[in-house]
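This report refers to the structure that appears directly beneath it.
The values are calculated or read from the model by the stated rules, or taken from the named source; none is laboratory data. Keep in mind that what you see is a predicted model, and the values were worked out from it rather than measured. All Cβ positions, glycine included, derive from the backbone under ideal geometry; neighbour counts span all protein chains shown. Note: accessible area is taken over every heavy atom of the protein model, side chains too, but ligands, DNA and RNA are not part of it. Shrake-Rupley method; radii C 1.70, N 1.55, O 1.52, S 1.80 Å.
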Amino acid sequence: MRRVSRKLHQFLGPKSHETSFHYTDLLHHCKTTDCIKKTHAQIVIGCHEQDPFIAAKLIDRYAQLGGSNVEHARKVFDNLSERDVFCWNVVIKGYANMGPFVKALNVYDEMLSSGTTPNRYTYPFVLKACSAERDYIKGRIVHGHAVKCGLDFDLFVGNAIIAFYAKCQEIEAAKKVFDEMPNRDVVSWNSMMSGFITNGYVDDAVMLFYDMLRDDDIGFPDNATLVTVLPAFAEKADIHAGYWVHCYIVKTGMKLDPAVGCGLITLYSNCGYIAMARAVFDQISDRNVIVWSAIIRCYGMHGFAQEALGMFRQLVDSGLHPDDIVFLCLLSACSHAGMHEQGWDLFQTMETHGVVKGEAHYACIVDLFGRAGDLEKAVEFIQSMPIKPGKNVYGALLGACRIHKNLELAELAAEKLFVLDPNNAGRYVILAQMYEDEGRWQDAARLRKIIREKEIKKPIGYSSVELESSHIKFGVNDEAHPLTTQIFETLVSLDRIMGKEARTRCDAIL
């Protein structure tokens, strides 16, 4: 038996002069579970399984492959008699990246109980797990631990804290951490901008981007910055910012990758610059399905349904597989263009492309039938759906009823929506307006009373004016602007001038 072990050691194990770097190099080149297990066997036979440096690398390689390999990593960790902070970190990192995320938090608690002091690499992984779990309370506690260790102002930790608060929708807390950071890098700015955008603070994200450009310590934005901020410019339809970003990419020689290219296509599309969107699309060499969906959406939203269908055919011919978003864009384009047969045919072919039909796709077909005036077929389609109709489906039906003045069917659709989407004031307002069109004032008043009693807030419409690289928003009877008095006085003055001009022209005609 000893002779067999000695032979195995000679065959698998390292020689005496080989160091731990030999094993870490072997692990570095392992791409499969089998390869890692073979190297693991060499480590065990060579009696190096207790080496913290080798063990940490072995744990990391197992964890990176995910799945059941994470538990293999945990077994290696549990088998260690002595664990340094590096070993604890790689286990926490494995769970934070691959899940289960709660186990990362459990290992962190075990680490504290063992008396091991976390370092600047521990907290980002733990906070990432807190974000994934949406565990705000635990994250606050971890933030407190970082403060006690004097690591809250560490750049690496600070960036993680910003990202954590932003993902937990605590944007004010994220901004407070950002403002108090003694040093910031481009990741700090990107994290804060991303937090603003994902939480709906688009204007703040744009202003922060301009602040970043004015910060001499940061230098120039990187690829991640542009990917982060382009959706904000697209939402605001800020064509000047789009031109700046596009020029910056060209002048710096930055590669127009799919992520940045998709952002530019969406921005140009939202601004109505279809030719520019197509030019950007043509410049992207490694197009993925997201880029294709962006250009298809561009054509569809501007009424060029045939062009959208043409791009779809090119997408299929390229060998890529369309996803649910591509079909959603196509169905919407066909519906708005009145191409009902083409839309229905596309809907029928979704399964052949391996795409599962979702509620939004069914809603598009209801909208397609509704715009065609075939409400009876729309109702039959809803009744035959294999999935339970949701608010999007009944919302499409209600909209069609509004167009074709079918109050009876609208009441049935609205009844469903008041249960499925009770806090959407638009549903109540549409039905109330239909009642008013029919002279049923009491029913209309009853619905508006329900809106007031339930305190259902309707999003207030507003206009936006660009002034000196910033956007000024104003709504009806808006008095929030500091120059409100002068603005209204100017409007009254303009009203008088226009009235006087109109009377002069009328007198001249008469």
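Observations on the model:
- The mean of 1/r over all distinct Cα pairs in the chain, once inverted, gives the Kirkwood hydrodynamic radius of 28.3 Å.
- Two-decimal log10 I(q)/I(0) for the stretch 286-358, as the Debye equation yields it once each C-alpha is a single scatterer, q = 0.22, 0.25 Å⁻¹: -0.91, -1.18
- The trypsin sites (Lys or Arg not before Pro) found in the stretch 372-468 that occupy coil by DSSP, while having at most 16 further C-beta atoms within 10 Å, are LYS405, ARG440, LYS454, LYS457.
- Helix 202-214 and the longest principal axis of the Cα set of the chain meet at an angle near 60°.
- Point-charge dipole on Cβ atoms (K/R +1, D/E -1) for the stretch 404-464, about Cα centre, debye to 20: 280
- J(HN,Hα) series, the stretch 420-429, from Karplus relation 6.51 cos²θ - 1.76 cosθ + 1.60, nearest Hz, glycine and proline x: 6, 9, x, 9, 9, 5, x, 5, 5, 5
- Cα centre as origin, Lys/Arg/Asp/Glu Cβ charges: the chain dipole, Debye: 1440
- 0 to 90° range, to nearest 10: angle between helix 85-98 axis and the chain longest Cα axis: 40
- Listed by chain and number, the aspartates and glutamates whose C-alpha is less than 16 Å from the C-alpha of LYS391, apart from same-chain residues fewer than 8 away, are GLU359, ASP367, GLU411, GLU415, ASP421.
- Accessible carbon and sulfur surface of the stretch 209-342 relative to its total accessible area, %, 1.4 Å: 55
- Per residue, the stretch 236-380 exposes an accessible area of 45 Å² to a 1.4 Å probe, with every protein chain left in place.
- Equivalent ellipsoid semi-axes - Cα gyration tensor, the stretch 216-344, angstrom: 28, 15, 11
- Toward the positive end of the charge dipole of the chain, with +1 on the Cβ of Lys and Arg and -1 on the Cβ of Asp and Glu, the farthest Cα among ASN423, PHE347, GLN442 is that of PHE347.
- Averaging the Cα positions of each part gives two centres, and for the stretch 91-143 and the stretch 421-438 these lie 48 Å apart.
- For the chain, the longest piece that avoids every one of the GluC sites (Glu not before Pro) found in DSSP loops with at most 16 other C-beta atoms within 10 Å covers 83-437.
- Measure of compaction for the stretch 327-439 (Cα Rg per 2.2 N^0.38 Å): 1.06
- Protein accessible area in the stretch 75-140, 1.4 Å probe - carbon and sulfur %: 51
- Shown for the stretch 344-458: the carbon plus sulfur share of the solvent-accessible area, taken with all protein chains present and a 1.4 angstrom probe, equals 49%.
- Overall form of the stretch 396-463 per C-alpha gyration tensor (a/c, 1.5; a/b vs b/c): rounded
- When the helices of the chain are scored as -39500 (n - 2.57) per DSSP H run of n ≥ 4 and the total is divided over every residue, the value at 222 nm lands at -22500 deg cm²/dmol.
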